[in-house]
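To start, the structure under review is shown below, and the notes come after it.
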Amino acid sequence: MPRMNLEGSSSIVTGGASGIGEASARQLAAAGSRVVVADLNEERGQAIASEIGGLFVKCDVTSVEDAQASVAAASEMGPLRALVNSAGIGWAGRTVDRNGDAFPLDAFNRVIQINLVGSFNMLAQSAAAMSKTDPVDDDGTRGAIVNMASAAAFDGQIGQCAYSASKGGVVGMTLPIARDLSAIGIRVNTIAPGLIDTPIYGEGEASDQFKAHLGQSVLFPKRLGSGEELAFGVMECITNPYMNGETIRLDGGIRMPPK
């Protein structure tokens, strides 16, 4: 069975205006798919979408209407075959801080809503559209979905209670959703990145020194991963016809210490 052919298809990448999402959008476009860059960053999102021959849709992943708008925009460009759930936020804070104050529940809820509920929302709406397309091969494949978790789902550090919970939820829903969607020929996998060089670390000499220091804790190679390297894993999950129901750590072998 050859790799899944994306020529003439459409795909959606949430968080596609930067980092892992941007790299994934570029590789999907290079594989022949028309990409919807679904993000809140209009200026950057528009620029990337026009550069890769896709469309930008301003998208809050927790909104059903925005998810449906992204799916509709993709479906106009071709049959929807791929979704990459790359949008997400972090919110550092201890469960009880040094002043004896509890972690704010609204902050915990927000991280869960965007990282976990938002991923499910985009996934469910995209899968519904994929189910109405014609299969692409003799197996009956209609599409592939890649979620983004984190090494923090397994090795959550001090201050990552909300983030780890949200990413652990993404890992936990991967297999049951893959089982749900097997009936309609849609594969579901999750990538769990380690330390990745994204805009979250800022720019400049101090940022570069900090990233070099972080990289020393990676097993090998001793550096931060790139968005492009993560996107290689995303593309494998999408195009390999036998890759299904799996969570893959893509982290250079790091196991995160408590802090």
Within the bounds of the stretch 180-188, is there any residue that is of a type outside the set (S, T, N, Q), in a helix (DSSP H, G or I), touching a residue at least 40 places away in the same chain (Cβ under 8 Å) and closer than 20 Å to residue 80 by Cβ? yes
Go through the residues of the stretch 208-218 one by one and say whether even a single one is in contact (Cβ under 8 Å) with a residue 40 or more places away in the chain, outside any helix (DSSP H, G or I), polar (S, T, N, Q) and more than 29 Å from residue 109 (Cβ to Cβ). yes
Under the condition of being farther than 12 Å from residue 164 by Cα and touching a residue at least 12 places away in the same chain (Cβ under 8 Å), which residue from the stretch 95-112 is surrounded by the fewest Cβ atoms within 10 Å (Cβ to Cβ)? 95
Which residue out of 164, 126, 150, 119 is over 30 Å from residue 72 (Cα atoms), surrounded by 17 or more Cβ atoms within 10 Å (Cβ to Cβ) and among the hydroxyl-bearing types (Ser, Thr, Tyr)? 164
Which ones in the stretch 78-103 are part of a loop (DSSP other than H, G, I, E, B) and out of contact with any Ser or Thr (no Cβ under 8 Å at 6 or more places or on another chain)? 89, 90, 91, 92, 94, 95, 97, 98, 99, 100, 101
Selection status of residue 151, in contact with an Asp or Glu (Cβ under 6 Å, 6 or more places away or on another chain) and of a type in the set (Gly, Ala, Ser): yes
Which residue, of 227, 202, 215, is more than 15 Å from the chain's Cα centre (by Cα), under 21 Å from residue 90 (Cβ atoms) and modelled with pLDDT of 90 or more? 215
Might you let me know whether the stretch 104-126 holds any residue that is in a helix (DSSP H, G or I) and in contact with a Phe, Trp or Tyr (Cβ under 6 Å, 6 or more places away or on another chain)? yes
Would you confirm whether any residue within the stretch 142-151 is outside any strand (DSSP E or B), over 17 Å from the mean Cα position of the chain (by Cα) and not basic (Lys, Arg)? no
Which pairs do you get when a residue that is free of Cβ contacts under 8 Å to residues at least 24 places away in the same chain and at negative phi, found in the stretch 160-177, comes within reach of a residue that is in a helix (DSSP H, G or I) and crowded, with 18+ Cβ neighbours inside 10 Å, reach meaning Cβ atoms under 6 angstrom, with the pair 6+ apart or on two chains? 164/152; 168/153
Only one of these is within 20 Å of residue 12 (Cβ to Cβ) and either of a type outside the set (Ser, Thr, Tyr) or part of a helix (DSSP H, G or I) (or both): 203, 236, 229. Name it. 236
The residue from 156, 172 that alone is of a type outside the set (A, V, I, L, M), more than 16 Å from residue 196 (Cβ to Cβ) and surrounded by fewer than 18 Cβ atoms within 10 Å (Cβ to Cβ) is 172
Of the residues in the stretch 182-219, those that are of a type outside the set (A, V, I, L, M), surrounded by 13 or more Cβ atoms within 10 Å (Cβ to Cβ), over 20 Å from residue 23 (Cα atoms) and in contact with a Lys or Arg (Cβ under 6 Å, 6 or more places away or on another chain) come to 185, 215
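The values are calculated or read from the model by the stated rules, or taken from the named source; none is laboratory data. Nothing here was measured: the structure is a model prediction, and the numbers come from that model. Quick reminder, even Gly has a Cβ in these numbers, built from the backbone with ideal geometry, and neighbours come from all protein chains shown.
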